[in-house]
Each structure stands twice: as structure tokens, then as C-alpha cells.
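Asks: Just dropping this structure here.
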Amino acid sequence: MAFGRRRRDDEPANGAENAAEEAVEAAEAEDEEAAPEGASAKGGPWDSEDSHPEMQRLDFGALRIPVAPGLGFQVNFEATQVDEEGNPLDGRPVAVLVQYNESAMQLQVFAAPKRSGIWDDVRRETAQDITENAGGQVQEVEGPFGDELLAMVPAALTEDVLAEMPDEVKEQIPQEFIEQGWAPQIIRFVGVDGPRWFLQAVVQGAAIEDEEQWQVLEDVLSGVVVVRGDAPMPPRDLLELQIPKEFQEAAEEDEGNTETFNPFERGPEITEVR
């Protein structure tokens, strides 16, 4: 399209053309507002300040995540204090792991600029890191939430790793992978730009190929509500997460049980939250 000052002869005599253009622009703006970039056909994820469907959700602070029968939830922690041997003494929650059958989806939410999303940049940087540093391969694909990143990353199969695996999992690994010491791991990166926030979902396991398991996780993701808050934050800073009261109540009932928050074991299954 060429830009320039339109000659007077080119201007519509009665303004009908301008009116038509304005009507089209208004309709397009209305559509963009109703279905923001990154949202699925089902409408979410949602911002807490906007109207969103009511459903049963666990409150993780900046993330409110739908619950359904068969789902397991865990909170991943980042160490903030360590002892002399490097063992964590204290930590902060940085991600929520949603588990379903043989599938897992890690959710993290970050601050973002007010007028622009960051998923394009994050996706490009993630792809570069995987190909240059992890020796993997990446492919951009179109998904229900927009552009996604599908990655193949070599996963180490050392003696220690194999020793910690359940027998039923180890039996499914082809012998050629065990002999070569690594197996291809497929990871799906999904990003959603919201108003002053960015939500990232990292999917692994059977849901990569199993449509039924993916559909469950997709329903969870499309039902997430993000609570951004009003405090100014630098872009890419993690929004604050917290432990749901349901987790705290479970810990009180089984005092001293820290396995609930072990990021390497399946979390509590939720069938109903009262």
C-alpha cells in the first residue's frame, strides 16, 4: 500500500466511503476486543477484571485453575535459601503442574508490557535456546491458542535416571534408546498474551499425540483466570503464586507430609472442592 496525501478529486463526494470504512474498523475492533489474540475458540484464558464463566477453580494466587475429576496438581518451588551443602531451606512457588493420566502441563504467568505481548519474543528465544544449547529441534505450529512451538529435546537416560524410573515406565523405553543413553523428548510450548500478563503452558507426555488427554488439558488452560493485580512490575517477572487453602488443609490433616509439593511426584487428585 502506498502512503501519501489523497488528491481532492479522490475524496468521496458524500462521505459514504468514509462511513463504510469506519463501520468496518469499528466491527474489527469489536471482534478483537471480544476474542483477544492468544485466546482459544472457547474464549479463555481470562483476565480476572473481565467477565468470565463461573466454574470450580483452585486459587493459586495469580492463577485460578479449573478442577475436574482425574486431575492432579502440584506446586513447583524455586529455592530462595540453601544450606552449606546446597540443600534448599526455603523457596517460593514459581509454577503449577497440572497432571492427567500420562500427561503433564506446567503453567507459569509473568508480567508483560501494557501495550504489547511478549510471546513472539519468548517463542523465538526458546527455539534458539533449544537448538543451540540443548541440541534439539523445533517447529512452529498453529494451535487452538495461536502460534505454538513443538520441540524435540534429547533426554538423558543415565543409570541414575533409569534406577529412579518405575518399572512400567522403563519397560516402554526402546532398548536402542537405553543403549545410546538418551531418548527424544517431545515438548509443546503454548503461550497466551493477556492484558499486562503472559501465560505459558509447557506440555509433556501422552497429550502430545493423544487427543483425548490433550483435550482435558486444553479445557483446563482455556478456563484459567489470571489475577494480574495493579502493582507495577518489570516485564517477564513472575507473578506471585500461593498455595491453595485445599493444599494447606490437606497438609494439616497429614502433618509433616511434604511430598504433596514434590515436583517430581504426582500431586493430589481433585474430584471435588467444597
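Asks: On full extension of the chain, what length is gained from E212 through E49, given 0.36 nm per residue of separation minus the C-alpha to C-alpha distance?
Replies: Gain in length upon complete extension: 55.5 nm.
Asks: Right, another one. Rolling a 1.4 angstrom probe over the protein chains, ignoring ligands and nucleic acids, what is the accessible area of D237 in square angstrom, nearest 10?
Replies: 70 Å²
Asks: To continue, here is another question. How much of the accessible area of the stretch 96-169, probe 1.4 Å, is carbon plus sulfur, in whole percent?
Replies: Result for the stretch 96-169: 45 percent of the exposed heavy-atom area is carbon or sulfur.
Asks: Can you give the relative contact order of the stretch 159-214 as a percent, counting alpha carbon pairs under 8 Å and 6+ residues apart? Please list the in-between numbers first.
Replies: Values: 33 pairs, mean separation 11.8, N = 56.
Dividing the mean separation by the residue count of the stretch 159-214 yields 21 percent.
Asks: Same structure again: What is the diffusion coefficient of the stretch 141-218 in µm²/s, taking the Kirkwood radius over Cα pairs and the Stokes-Einstein relation at 4 °C with a viscosity of 1.567 mPa s?
Replies: Diffusion coefficient, whole number: 89 µm²/s.
Asks: Can you give the accessible area per residue of the stretch 38-162, in Å², using a 1.4 Å probe?
Replies: That works out to 53 Å² for each residue.
Asks: Now for a separate question. Is the shape of the stretch 180-220 rounded, prolate or oblate, going by the alpha carbon gyration tensor and its root eigenvalues a ≥ b ≥ c, with a/c under 1.5 for rounded and a/b larger than b/c for prolate? All intermediate terms of the calculation are to be shown ahead of the outcome.
Replies: Values: a/c = 4.81, a/b = 1.58, b/c = 3.04.
Oblate is the answer for the stretch 180-220, as a/c is 1.5 or above yet b/c matches or exceeds a/b.
Asks: Percent of Cα-Cα pairs per 10 Å bin, from 0 to the last occupied bin, for the stretch 82-124, please list those.
Replies: 18, 27, 33, 20, 1
Asks: For the stretch 96-187, what class follows from the C-alpha gyration tensor (a ≥ b ≥ c being the square roots of its eigenvalues): rounded when a/c is under 1.5, otherwise prolate if a/b is larger than b/c, else oblate?
Replies: Note, shape of the stretch 96-187 comes out prolate.
The values are calculated or read from the model by the stated rules, or taken from the named source; none is laboratory data. Predicted model only: the values in this text are computed from it and were never measured. Heads up: the accessible areas ignore ligands, DNA and RNA and are worked out on the full protein's heavy atoms, side chains in. Shrake-Rupley method; radii C 1.70, N 1.55, O 1.52, S 1.80 Å.
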